[in-house]
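The block underneath contains the structure these notes are about, expressed in structure tokens.
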Amino acid sequence: MTNDTQSKTTVAFVGTGRMGAPMATRLLKAGFVVRVWNRSPERVKPLVELGAIATSSPADAATGADVLVTMLPDGPLVGAAMGGPQGALDTLRRGSVWLQMSSIGVEWTAQLLELADHHGVVFVDAPVSGSVGPAEAGTLLVLAGGPEGVRSQVAPVFDAMGRETMWLGEAGAGSKAKLVLNNWLVGLVESIAETLHFTEALGLDPELIIELLEDAPIGSPYAVAKARQMLAADFAPSFTLKLASKDADLAVASARSAGIDLRVTNSFIDAWHLAIANGHGDEDLSVVYTNSTS
Ligand SMILES: NC(=O)c1ccc[n+]([C@@H]2O[C@H](COP(=O)([O-])OP(=O)(O)OC[C@H]3O[C@@H](n4cnc5c(N)ncnc54)[C@H](OP(=O)(O)O)[C@@H]3O)[C@@H](O)[C@H]2O)c1
């Protein structure tokens, strides 16, 4: 697709939160026409300054769009924005493409695929791996599932936001991969929190353990970065505990449906729910350090 084609492609973007705003910014910088909707309108102002068109509802955003992206917290909210009152499916043209990029799990993905089919809209399941930094840099990994016939059409949209798009099969395959990756991620965060407490309990300097992990094959750059945030008590959110816990819950439920028990995740998920009940849900998930092993 040339820049000229991009300037003729209208993308509706629904949900400009921590991830959605930088993703929409990448689309604007790549030359797409972008119609944005967000529940809190003040959050779209910086995007409008970059050339986005502000809209008053998901239905308004979808008007005249060739491609629509949803980037909202969970399945019920995506369902409401698409199929509820003033939902995008009221106006989205038949044959246009819906890129569902929020992390919503397997069951919601199946329900939304049905909803899209009912409206004659092509559904692509496309959650992303990578947080706010990669969203800003355009280096997300897109975990995609959907019909082969639209893959080349949507490639320039994905390319503007990600470093790579992995096509994993039909719709649903991307969400399965996302659940597996995030189950790994939540386990890493819990494990590094426990490791820091264990180090301190043995009277060692946790900085030393971070240095050892930084250079060792058993370390992980993500875990090391989270460990540094934990020790600095810097819980400004890039991925909120509430959203990470939602992914852990989805993983546990999907695993159960598939006949296995996620023993590691089950061992800490109640503590994470408690941290949310205690008011930590909107902080970064690294805040579990303050709640770990007590
Ligand atoms: N953050 C990450 O590192 C990361 C990485 C990969 C994937 N994800 C996934 O990407 C999705 C978005 O995550 P995020 O971090 O961007 O979330 P976020 O910063 O919390 O943004 C959520 C968006 O949803 C909107 N929203 C929240 N409640 C709503 C409601 N009741 N009705 C309508 N809109 C509502 C917010 O609008 P307001 O502005 O009005 O609050 C905002 O636009 C989630 O599925 C998450 O799991 C996140």
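Every number here is computed from the coordinates shown, using simple stated rules; none is lab data. Only a predicted model underlies this, so the values are computations on that prediction, with no experimental measurement involved. So basically every Cβ, Gly included, is an ideal-geometry build from the backbone, and we count neighbours across all protein chains shown.
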- Gap separating the Cα centres of the range 135-182 and the range 206-276, nearest whole Å: 23 Å
- Task: Using Cα pairs closer than 8 Å and at least 6 residues apart in sequence, work out the relative contact order for the range 176-291, in percent.
- Result: 36 percent
- Query: Going by how many other Cβ atoms sit within 10 Å of their own, how do Tyr289, Tyr222 line up, fewest first?
  - Reply: Tyr222, Tyr289
- Query: Using θ = phi - 60° and the Karplus form 6.51 cos²θ - 1.76 cosθ + 1.60, what ³J(HN,Hα) does each residue of the range 76-88 get, whole Hz, x for Gly and Pro?
  - Reply: x, 6, 5, x, 5, 5, 8, x, x, x, 6, x, 4
- Mean separation of Cα contacts under 8 Å, 6 or more apart, over the residue count of the range 3-170: relative contact order %: 19 percent
- Item | Karplus-derived 3J(HN,Hα), 6.51/-1.76/1.60, for each residue of the range 90-103, Hz, glycine and proline x | 5, 10, 5, 4, 4, x, 7, 10, 9, 9, 8, 9, 5, 9
- Message: If neighbour count is taken as other Cβ atoms inside 10 Å, put Thr139, Thr240, Thr70 in order from fewest to most.
- Response: Thr139, Thr240, Thr70
- Query: Relative contact order for the chain: what is it in percent, counting Cα pairs under 8 Å that are at least 6 residues apart?
  - Reply: 13 percent
- Taking the dipole of the chain about the Cα centre (Lys, Arg +1; Asp, Glu -1; charges at Cβ), the one of Met166, Asn278, Tyr289 that reaches farthest to the positive side is Met166
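More than 23 angstrom separation, counting every C-alpha pair in the range 3-170; what % is that? Numbers along the way, then the final one.
Working: 3987 of 14028 pairs.
Result: 28 percent of Cα pairs exceed 23 Å.
With the cut-off at 27 Å, report for the chain the share of all Cα pairs above it, as a whole percent.
On the way: 18230 of 43071 pairs.
Tail of the P(r) past 27 Å holds 42 percent of the pairs.
Under the 0.36 nm per residue contour assumption, what length would be gained going from the current alpha-carbon distance of Glu211 and Lys45 to full extension?
My answer for the length gained is 55.6 nm.
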- Evaluated over the range 171-270, the Cα radius of gyration and Dmax, each in Å: 15.0, 50
- Using θ = phi - 60° and the Karplus form 6.51 cos²θ - 1.76 cosθ + 1.60, what ³J(HN,Hα) does each residue of the range 257-262 get, whole Hz, x for Gly and Pro? 4, 8, x, 10, 10, 8
